[in-house]
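Below: one structure, written as structure tokens.
None of the figures in this text is laboratory data; all of them are computed from the coordinates on show. Just so it is clear, the model here is predicted, and its values are computed rather than measured. FYI the Cβ positions are ideal-geometry reconstructions off the backbone, even for glycines, and counts take in every protein chain you see.
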Amino acid sequence: MEYSRSFLASFLLALLLNVTNGQPLVPALFIFGDSVVDLFHSVFELGFNICFIYSFTAAEVLGFTSYPPAYLNLNTKGNNLLNGANFASAASGYYEPTAKLYNAIPLSQQLEYYKECQNKLVEAAGQSSASSIISDAIYLVSAGTSDFIQNYYINPLLNKFYTIDQFSDTLLRFYSDFIQSLHALGARRIGVTSLPPIGCLPGAITLFGFNSNECVASLNSDAITFNVKLNTTSHNLQNMLPGLNLVVFDIYQPLYDLVTKPSENGFFEARKACCGTGLIETSILCNRKSIGTCTNSSEYVFWDSFHPSEAANRLLADSLVAAGISLIS
């Protein structure tokens with residue numbers, strides 16, 4: 001569960017429009033995390049294929065002939081991996097028990113699949129070419145919201161054992177270990193998303209807002225605190241790991257602005273999502289045929305109760321182009 005099924009694809013499209021002569025700016029994309037970037041679940045399980053359309057368009061703009069495929073959906077690997085691969089799994093997180101709760105693939109296993117992928121790359125392209133692909137590729141990581149919304153806030157065993165600060169620190173230790181592992185495997189250009197304003201997600205307001213229609217301030221405060229720590233941890237990692245270019249994409253403020261000032265940004269509705277009642281639906285409960293789904297999602301900040309609409313994703317993507325340029329420069 002996260003803030004966007006198509007955000008990162010929209011972001012890449014906005015960022016990589018600078019491609020020239022049909023040549024990609026990077027040789028490959030390797031993607032890890034949750035439902036923001038989980039192409040397999042977004043297309044084949046959830047029936048919500050905006051993600052696929054924009055991901056493929058972004059790849060075309062890059063000069064690729066196809067979008068990096070969902071790794072576990074590949075019938076054969078080898079040459080299919082030359083443009084990268086998508087290891088993400090909906091409901092995964094930095095905290096491994098979160099993934100286990102929802103039968104998702106934890107980041108530790110996603111990393112194991114990536115190691116397998118590297119061996120397949122060497123078989124397909126040779127050691128030299130594979131090494132170049134690995135070192136010059138962009139690696140995208142999106143996780144964290146599921147750890148809070150789908151685990152910490154609803155799990156009394158967890159939130160009684162950890163304070164919110166302790167839980168955030170635990171997540172960031174897992175994050176740090178994951179980045180160090182990626183770096184040890186050759187990754188040098190890594191982008192990671194911050195937490196969004198989780199207290200403004202329609203589903204979060206429904207679950208934790210006590211009949212209010214306003215953003216849940218305490219949840220947003222938790223996200224802000226986590227993001228400050230994420231930036232500090234990322235800065236320390238960049239200083240510690242040779243050759244690492246680690247960029248944090250700040251999603252919090254751009255999405256908060258859309259939610260709190262919808263009309264100023266061209267939207268009609270920010271409390272309810274387009275799908276169904278707009279209050280709680282997501283995943284398999286939410287598609288264009290769901291009862292109550294709006295006819296014009298471009299007027300809504302959110303597509304379902306946890307993920308922004310295509311129109312919102314475009315604005316979010318545009319706001320992060322400058323940060324993304326530093327990842328490929």
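Each pair of Cα atoms in region 133-188 enters the Kirkwood radius, and Stokes-Einstein at 10 °C and 1.306 mPa s then converts it into a translational diffusion coefficient of 123 µm²/s.
Based on the inverse mean of 1/r over its pairs of different Cα atoms, what is the Kirkwood hydrodynamic radius of region 173-329, in Å? If you can, show how the numbers build up before the last one.
Details: mean 1/r = 0.0592 Å⁻¹.
Across region 173-329, the inverse of the average 1/r is 16.9 Å.
Taking packing as the residue-averaged number of other Cβ atoms within 10 angstrom, the listed peptides 308-315, 166-173 run from highest to lowest as 308-315, 166-173. In terms of Cα atoms, the Rg and Dmax of region 87-136 work out to 13.8, 40 Å.
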